[in-house]
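Below: the structure, in structure tokens.
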Amino acid sequence: MKLNLFSAVLATLLGLSAQKDSLVQPQEEGVKPTQAHRPDIMSRILEANKGVDHTLVQGDVALSKRRNAMKCWSEHCKWGKSYNGLVEVPYTVSEYYYDSEKASIKTAMEMFHRRTCVRFVPRRGQSDYLSIESDLGCWSTIGRDGGQQVVSLSVYGCLDRGTVQHELLHALGFHHEHTRSDRDQYVRINWENIPAVNAFDFHKMDTNNLNTPYDYSSVMHYGRTTFASTLGADTITPIPDSFVPIGQREDMSDIDILRINKLYECNI
């Protein structure tokens, strides 16, 4: 009697083990399991910016308190170039961050250092500097604003490499790609899918495009469904090829880097 009961329990356990194994193995040999979808950079920024209690335009751009326009392609809001040809941008980093989080920020800065003449340097008493803080959300003003200039990189969603680079590009003077003055040749804005409160976020800006091509792969490009009034609806559609990926980058594109070098006249 006891032997029969033991056999029945053993058989049940062996059956459950086999069932578990069948669940963790791919259905077909050589077929990779489907990876979880990773949101585009702008979607991650907007998620982190929920609850921000001050005005942001285009989702993550703070308005300057020192000038009355967002435009930044004149000398007054570019960071200055040193005698050695490098554009040194002083910065401080809040002690709120753990060392590993500070390291993530520095890693994002390294591509600027490797491929442009921009150098983010620890502040040594300079009057104009970036103050990198874990405020609520991810945001920055456009270009050099004067004095202490906050770049918010919250530890809750803003420290991946692409997001840090996105906000630093704003601080260097760059807008979102979809607001380029010539964007209507490259994307269609689906106004019917955009809430009225977000319409301004899709307005074209008086941008200096630096004779560079429109860049669907820019780290500064909105995702396809950014600010959609209906879940999954396209607010931006590439033209003429509607299947071109946008908003998918994890790092600065070659054209992002080209623009930095053009704006700051880097000899690279």
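The values are calculated or read from the model by the stated rules, or taken from the named source; none is laboratory data. Predicted, not measured: the structure shown is a model, and the values here were computed from it. Please note: Cβ atoms are built from the backbone with ideal geometry, for glycine as well, and neighbour counts cover all protein chains shown. Only protein heavy atoms, including side chains, enter the accessible area calculation; ligands, DNA and RNA are left aside. Shrake-Rupley method; radii C 1.70, N 1.55, O 1.52, S 1.80 Å.
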Residues with amide H under 5 Å of Y222's amide H, sequence separation 5 or more or different chain, H placed in the peptide plane at 1.01 Å from N; which? E177, H178
If I stretch the segment between T237 and V121 completely, what's the gain in nm (0.36 nm per residue apart, minus their alpha carbon distance), one decimal? 37.9 nm
Sparse-neighbourhood loop hits (trypsin sites (Lys or Arg not before Pro), segment 175-268; DSSP loop; Cβ within 10 Å at most 15 others) -> K204
For an R0 of 45 angstrom, estimate the FRET efficiency from the Cβ-Cβ distance between E47 and L210 and round to the nearest 0.05. 0.90
Excluding ligands, DNA and RNA, what is the solvent-accessible area per residue of segment 221-268 at a probe of 1.4 Å, expressed in Å²? 49
With contacts defined as alpha carbon pairs under 8 Å and 6 or more residues apart, what's the relative contact order of segment 157-268 in percent? 31
Once neighbouring chains are kept in place and the probe is 1.4 Å, which whole percent of the accessible area of segment 151-268 is contributed by carbon and sulfur? 54
Eligible aspartates and glutamates near K262 by straight Cα distance, threshold 13 Å, same-chain separation 8 or greater: D254
Given an 8 Å cut-off on Cα distances and at least 6 residues of separation, report the relative contact order of segment 62-182 as a percent. 28
Check segment 42-194 and count each lysine pair with an alpha-carbon distance under 26 angstrom, considering only pairs eight or more places apart or from different chains. 11
Along segment 176-188, Karplus-curve 3J(HN,Hα) (6.51, -1.76, 1.60; θ = phi - 60°) to the nearest Hz, with x for Gly and Pro, reads 5, 4, 5, 9, 3, 4, 9, 4, 5, 7, 10, 9, 10
Taking segment 112-268, the whole-percent share of alpha-carbon pairs separated by over 18 angstrom is 62
Full-extension gain between V155 and D182, please, as 0.36 nm times their residue separation minus the C-alpha to C-alpha distance. 6.2 nm
Mind giving me the nanometre distance, one decimal, between the label points for V57 and D254, set 7 Å out from Cα along Cα→Cβ? 3.3
